[in-house]
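Enquirer: Questions regarding the structure given below will be posed in turn.
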Amino acid sequence: MQKNLIDSHIVIAGGGTMGTSLVQIFAQNQFHVLLYSRKEATLQKARETIAINQQALVEQGVLSPEDSAALVSRVQFTNDKSCFSSADFVLENITEDMAAKHRFWEEVSALVPEDAVLCTNTSGLSITEMAKAVRLPERFCGMHWFNPPHILQLVEVTKGALSSDSTVDFVVELSKALGKKPVKVQKDIPGFIANRLQYALLREAAHLVESGAATLEEVDLACSLVIGMRYACFGPFRVTDMGGVDVFNSVSDYLFADLCDDKDGSAYMHRLVADGRLGLKAGAGFYTYDKEQIPEIIRERDTRYIKMVQCMDSFEK
Ligand SMILES: NC(=O)c1ccc[n+]([C@@H]2O[C@H](COP(=O)([O-])OP(=O)(O)OC[C@H]3O[C@@H](n4cnc5c(N)ncnc54)[C@H](O)[C@@H]3O)[C@@H](O)[C@H]2O)c1
């Protein structure tokens, strides 16, 4: 990796939800960044999404119109694989499928310079397993962001069995240079930290609705008003200390045995996917959306998250 980070040749690969958002973070932090995707149509959609995201940031006063325009000018788009041959840093955001990621890394790690740092934004696939396709795997580790990454602050940096300490340290420092708050995941464990917690909650949330205990709306509201608010402030261990470990211990003793422990994914989500209800992008998921309202829903999401980040930042002052 070049010593002068800001002059580095950054390539974000995969122009879907995450790649589109990630280029904005790098560009906002003065990096010139290239979004690589195989298809021109994907790149065109990425340009449109960036325009929507930027509008929300300007409306919220996070960026001035001039800074937003300068940010957009630092992003370039390409479907030409030759971009990898001069890359100093590659962050892969393609489909969450080990075989696809193996194919990608086998090809790309042979194209990049030997001192390039290589990262995957996998949500929880094994870094060690993925590294089997990477030439010189000591320069490879996990760099896991959260959607929308141009707003949410956590980055999980996961060390695979072959990742070097210097690679991990570099990615931690890069995350900080991007204004984020990195945590090191010391063990290459499926789902890392945040997704293990999120999916434990999602499994129980789906079970509550499936078993008729509550509606989607009621579960979402209970989560926002209690879990989301408390954990935004403190996290589970401090919240438990404040409530009394003895109390939480007594409840755990009878409640854990009753919690959903499905081992084969969620039957509820299997049905949604089979019905094409893939979420907002498809106009329907758990809920049904008016497709014309989707840009407005994304804007509203960004607005709320930005306000939350500003609020959480104020706690630290
Ligand atoms: N969406 C999230 O909330 C989220 C959060 C954190 C991490 N991630 C992870 O980030 C990665 C991307 O997720 P996403 O939500 O952006 O997915 P997405 O489906 O929106 O985008 C993936 C993109 O990669 C493209 N692609 C597939 N194979 C490719 C290849 N060989 N070369 C180049 N492009 C290729 C697809 O055409 C698509 O445009 C996944 O590993 C996912 O688990 C997603």
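Since every read-out is calculated from the coordinates, none of them should be taken as a lab result. Just so it is clear, the model here is predicted, and its values are computed rather than measured. Neighbour counts run over all protein chains shown; Cβ positions are idealised from the backbone, glycine included.
Enquirer: Based on the Cα atoms of segment 1-55, what semi-axes does the equivalent ellipsoid have, where each is the square root of 5 times one gyration tensor eigenvalue, given in whole Å with the largest first?
Expert: Output for segment 1-55: semi-axes of 21, 13, 7 Å.
Enquirer: Would you work out if segment 194-315 is rounded, prolate or oblate? Take a ≥ b ≥ c from the square roots of the eigenvalues of the alpha-carbon gyration tensor; rounded if a/c is under 1.5, else prolate when a/b is larger than b/c, oblate otherwise.
Expert: Oblate, since a/c reaches 1.5 and b/c is not below a/b.
Enquirer: If we sort 89-100, 231-242 on the protection proxy, mean other Cβ atoms within 10 Å, highest first, what's the order?
Expert: 89-100, 231-242
Enquirer: How big is the gap, in Å, between the Cα center of segment 6-61 and the Cα center of segment 254-317?
Expert: 22
Enquirer: For segment 5-185, give me the percentage of DSSP beta bridges that are antiparallel, rounded to the nearest 5 percent.
Expert: 10
Enquirer: OK, next. What does the extension gain come out to for Gln186 and Ser314, with contour length at 0.36 nm per residue minus their alpha carbon separation? Present the calculation step by step, with values, prior to reporting the outcome.
Expert: Numbers: separation 128, 0.36 × 128 = 46.08 nm, distance 2.94 nm.
Computed gain between Gln186 and Ser314 is 43.1 nm.
Enquirer: Quick check: convex hull of the Cα atoms in segment 5-185, volume per residue, rounded to a whole Å³?
Expert: Per-residue hull volume (Cα only) is 98 Å³.
Enquirer: Kindly state, to the nearest 0.05, the FRET efficiency for Asp220 paired with Asp264, given R0 = 30 Å and r defined as their beta-carbon distance.
Expert: 0.80
Enquirer: Stretch Glu210-Thr95 to full length: gain in nm at 0.36 nm per residue minus the Cα-Cα span?
Expert: 38.5 nm
Enquirer: Just how large is the dipole of the chain about the Cα centre, in debye to the nearest 20, putting +1 at every Lys and Arg Cβ and -1 at every Asp and Glu Cβ?
Expert: 520
Enquirer: Moving to a separate point now. Hey, rough spin-label estimate for Arg196 and Ser166, points 7 angstrom out along Cα→Cβ, what's it come to in nanometres?
Expert: 3.0
Enquirer: Need one number: nm distance between label points at Ser86 and Cys233, each 7 Å from Cα along Cα→Cβ, rounded to one decimal.
Expert: Here the modelled spin labels are 5.2 nm apart.
Enquirer: Using modelled backbone amide H atoms (1.01 Å from N, in-plane), which distant-in-sequence or interchain residues come within less than 5 Å of Asp188's amide H?
Expert: Those lying under 5 Å, H to H, from Asp188: there are none.
Enquirer: Also, I was wondering about something else. What residues of segment 26-41 lie in the reach of a label at Lys281, counting those whose backbone N is under 16 Å from a point 7 Å from the Cα along Cα→Cβ?
Expert: 36-41
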